[in-house]
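Q: Before anything else, here's the structure in question.
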């Protein structure tokens, strides 16, 4: 019987897509059916905004407490996205996960356009999109975006950064790029490092312009982005009486996080070894607890490293691009990682992911796409398959088995 390589490749693609789709639908059951909008801080903040206030009437997880009032101490833009939904549907029926799903469809379209601009073949682009959506922390953020707030903030930030990159590689309307970058910053502060790449893209794209035209484009970008900074500073002052007080120091922490911050503060070199281990070296593993250490607790809630959860990201090391742009992209990623390594938390609670990496993943996935041109297809596509399978097991299969067998694990996916 003659071996048909193309038929095998097609079969693998079908299997991966089917597995990813089934796992995605299965993992969405509890977030969509069981959760109320009251379990998302950004929904609560959207409701507060509709009532002309910045504080919340009651405390919910991860809120900052200042002068007896409860605040969502995180960047506000995701709440603004939810305002019209809350206005129409009310708090209880506003489910951020459904908004995340709509944005995911948009992100697929945007990422496809970006890959076309980078001369990535359509067949490879499909693999890269699958890798990004189902083989990274992205799908965890979608699933959990109905719970607490930072997961939904990740989805908004990713969308804004992708929009900015697509614009920079296309029409290069710098006021729009500044707007998208500003919205990303007002969703996740670490997105500010993306300015390094956008600055280099500006330099590269306007190199043939006259001096006056270059300054005009730079001014349009910087002035629009500056508005986001001003908004954030004013918001800090209105909430915490200090333009530089983001509210993180007023969060009600407990357990090991409280012990860490009480002893070392929000940022400290003491956190580097732990965060570095989970960023690059920690494999997926099941945790056991109880007095005899035999009680099943599910997958490690500190997550799994990039190396073992999404190994295809290392294809980015083979990327070839404009030298300045490539350097700027890696500097953006490196500074983001260094910042994360010194932070008191690594993204806990999370499963099979390091979700903070979503702050730079839209840039990293571009480097991955460029790297696929110089890495054997069988190698990097096999790593994509592995990543999708791992996410499917972690976010759907294990939780389903645990519920079937009535394990009392209190897993993140079932909260």
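The values are calculated or read from the model by the stated rules, or taken from the named source; none is laboratory data. As the structure is a computational prediction, the values presented were derived from the model and not from experiment. Cβ coordinates were reconstructed from backbone atoms using ideal geometry, including for glycine residues, and neighbour counts include every protein chain displayed.
Q: Check whether at least one residue in the stretch 220-232 is more than 22 Å from residue 192 (Cβ to Cβ) and either outside any helix (DSSP H, G or I) or within 23 Å of the chain's Cα centre (by Cα) (or both), and report yes or no. Before the answer, list the steps.
A: Of the residues in the stretch 220-232, the ones more than 22 Å from residue 192 (Cβ to Cβ) are none.
No, that holds for no residue.
Let's see how each residue does on (1) in contact with a strand residue (DSSP E or B) (Cβ under 8 Å, 6 or more places away or on another chain); (2) buried (at least 24 other Cβ atoms within 10 Å of the Cβ); (3) without any contact (Cβ under 8 Å) to a residue 60 or more places away in the chain:
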site: 90; (1), (2), (3): no, no, yes
site: 96; (1), (2), (3): no, yes, yes
site: 102; (1), (2), (3): no, no, yes
site: 105; (1), (2), (3): no, no, yes
site: 110; (1), (2), (3): no, no, yes
site: 138; (1), (2), (3): no, yes, no
site: 151; (1), (2), (3): no, yes, no
site: 161; (1), (2), (3): no, yes, no
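Q: Given the criteria in contact (Cβ under 8 Å) with a residue 40 or more places away in the chain, crowded, with 24+ Cβ neighbours inside 10 Å, out of contact with any strand residue (DSSP E or B) (no Cβ under 8 Å at 6 or more places or on another chain) and under 23 Å from residue 29 (Cα atoms), does residue 147 qualify?
A: Numbers: in contact (Cβ under 8 Å) with a residue 40 or more places away in the chain: yes; crowded, with 24+ Cβ neighbours inside 10 Å: no; out of contact with any strand residue (DSSP E or B) (no Cβ under 8 Å at 6 or more places or on another chain): yes; under 23 Å from residue 29 (Cα atoms): yes.
Answer is no for this residue.
Q: Identify the residue in the stretch 272-305 that is touching a residue at least 60 places away in the same chain (Cβ under 8 Å), touching a helix residue (DSSP H, G or I) at 6+ places or on another chain (Cβ under 7 Å) and part of a helix (DSSP H, G or I) and, among all such residues, is farthest from residue 388 (Cα to Cα).
A: 272
Q: Going by what's in this entry, would residue 303 be described as in contact with a strand residue (DSSP E or B) (Cβ under 6 Å, 6 or more places away or on another chain) and modelled with pLDDT of 95 or more? Outline the logic, then answer.
A: Numbers: in contact with a strand residue (DSSP E or B) (Cβ under 6 Å, 6 or more places away or on another chain): yes; modelled with pLDDT of 95 or more: yes.
Considered against the rule, which asks whether it is in contact with a strand residue (DSSP E or B) (Cβ under 6 Å, 6 or more places away or on another chain) and modelled with pLDDT of 95 or more, residue 303 comes out as yes.
Q: Here is a follow-up. Please determine whether any residue of the stretch 361-384 is part of a helix (DSSP H, G or I), surrounded by fewer than 23 Cβ atoms within 10 Å (Cβ to Cβ), touching a strand residue (DSSP E or B) at 6+ places or on another chain (Cβ under 9 Å) and at pLDDT 90 or above.
A: no
Q: I'd like to check something: does the stretch 260-270 contain any residue that is within 30 Å of residue 178 (Cβ to Cβ), touching a residue at least 12 places away in the same chain (Cβ under 8 Å) and outside any helix (DSSP H, G or I)? It would help to see each step written out before you state the result.
A: Looking only at the stretch 260-270, we keep the residues that are within 30 Å of residue 178 (Cβ to Cβ), and these are 266-267.
Cutting the leftovers down to touching a residue at least 12 places away in the same chain (Cβ under 8 Å) gives us 266-267.
With the extra rule that they be outside any helix (DSSP H, G or I), the set shrinks to 266-267.
The answer is yes, given that some residue of the stretch 260-270 is within 30 Å of residue 178 (Cβ to Cβ), touching a residue at least 12 places away in the same chain (Cβ under 8 Å) and outside any helix (DSSP H, G or I).
Q: A follow-up question, please. Given the conditions (1) surrounded by 13 or more Cβ atoms within 10 Å (Cβ to Cβ); (2) touching a residue at least 60 places away in the same chain (Cβ under 8 Å); (3) farther than 19 Å from residue 159 by Cα, and given that residue 238 satisfies all but one, which numbered condition is not satisfied?
A: Unmet condition: (1).
Q: Among the residues of the stretch 311-336, what is the count of those that are over 16 Å from the mean Cα position of the chain (by Cα) and surrounded by 15 or more Cβ atoms within 10 Å (Cβ to Cβ)? Even if it seems obvious, please write down each step before you answer.
A: Residues of the stretch 311-336 over 16 Å from the mean Cα position of the chain (by Cα): 311-312, 314-331, 334-335.
Now restrict to residues that are surrounded by 15 or more Cβ atoms within 10 Å (Cβ to Cβ): 311-312, 314-316, 318-319, 321, 325-326, 328-330, 335.
So the count comes out to 14.
Q: Kindly provide the set of residues from the stretch 337-356 that are surrounded by fewer than 24 Cβ atoms within 10 Å (Cβ to Cβ), assigned to a helix (DSSP H, G or I) and within 16 Å of the chain's Cα centre (by Cα), ordered by number.
A: Matches in the stretch 337-356: 337, 339, 340, 355.
Q: Condition check: in contact (Cβ under 8 Å) with a residue 40 or more places away in the chain, in contact with a helix residue (DSSP H, G or I) (Cβ under 6 Å, 6 or more places away or on another chain), part of a helix (DSSP H, G or I) and over 17 Å from residue 280 (Cα atoms). Does residue 332 satisfy that? Don't jump to the end; show me each part of the working.
A: Values: in contact (Cβ under 8 Å) with a residue 40 or more places away in the chain: yes; in contact with a helix residue (DSSP H, G or I) (Cβ under 6 Å, 6 or more places away or on another chain): yes; part of a helix (DSSP H, G or I): yes; over 17 Å from residue 280 (Cα atoms): yes.
Spelling it out, residue 332 is indeed in contact (Cβ under 8 Å) with a residue 40 or more places away in the chain, in contact with a helix residue (DSSP H, G or I) (Cβ under 6 Å, 6 or more places away or on another chain), part of a helix (DSSP H, G or I) and over 17 Å from residue 280 (Cα atoms).
Q: Does residue 277 qualify as being within 23 Å of the chain's Cα centre (by Cα) and surrounded by 15 or more Cβ atoms within 10 Å (Cβ to Cβ)? Don't jump to the end; show me each part of the working.
A: Working: within 23 Å of the chain's Cα centre (by Cα): yes; surrounded by 15 or more Cβ atoms within 10 Å (Cβ to Cβ): no.
No; evaluated as a whole, the condition is false for this residue.
Q: Further question: Any residue at all in the stretch 125-138 that's on the phi > 0 side of the Ramachandran plot and at pLDDT 95 or above?
A: The answer is no, given that none of the residues of the stretch 125-138 is on the phi > 0 side of the Ramachandran plot and at pLDDT 95 or above.
Q: Which residues, taken from the stretch 112-122, are part of a loop (DSSP other than H, G, I, E, B) and touching a residue at least 60 places away in the same chain (Cβ under 8 Å)?
A: Selection gives 118, 120.
Q: Return a yes/no flag: does the stretch 251-269 have any residue that is loosely packed, with under 15 Cβ neighbours inside 10 Å and within 22 Å of the chain's Cα centre (by Cα).
A: yes
Q: Filtering the stretch 23-50 down to residues that are at pLDDT 80 or above and not in a helix (DSSP H, G or I), which residue is farthest from residue 404 (Cα to Cα)?
A: Ranking the candidates gives 40 first.
Q: Give 196, 156 a once-over and let me know the one that is assigned to a helix (DSSP H, G or I), under 14 Å from the mean Cα position of the chain (by Cα) and either in contact (Cβ under 8 Å) with a residue 40 or more places away in the chain or surrounded by fewer than 21 Cβ atoms within 10 Å (Cβ to Cβ) (or both).
A: Working: 196 fails: under 14 Å from the mean Cα position of the chain (by Cα).
Result of the check over 196, 156: 156.
Q: I've got another one for you. Given the criteria more than 29 Å from residue 230 (Cα to Cα) and either surrounded by fewer than 23 Cβ atoms within 10 Å (Cβ to Cβ) or out of contact with any strand residue (DSSP E or B) (no Cβ under 7 Å at 6 or more places or on another chain) (or both), does residue 177 qualify?
A: no
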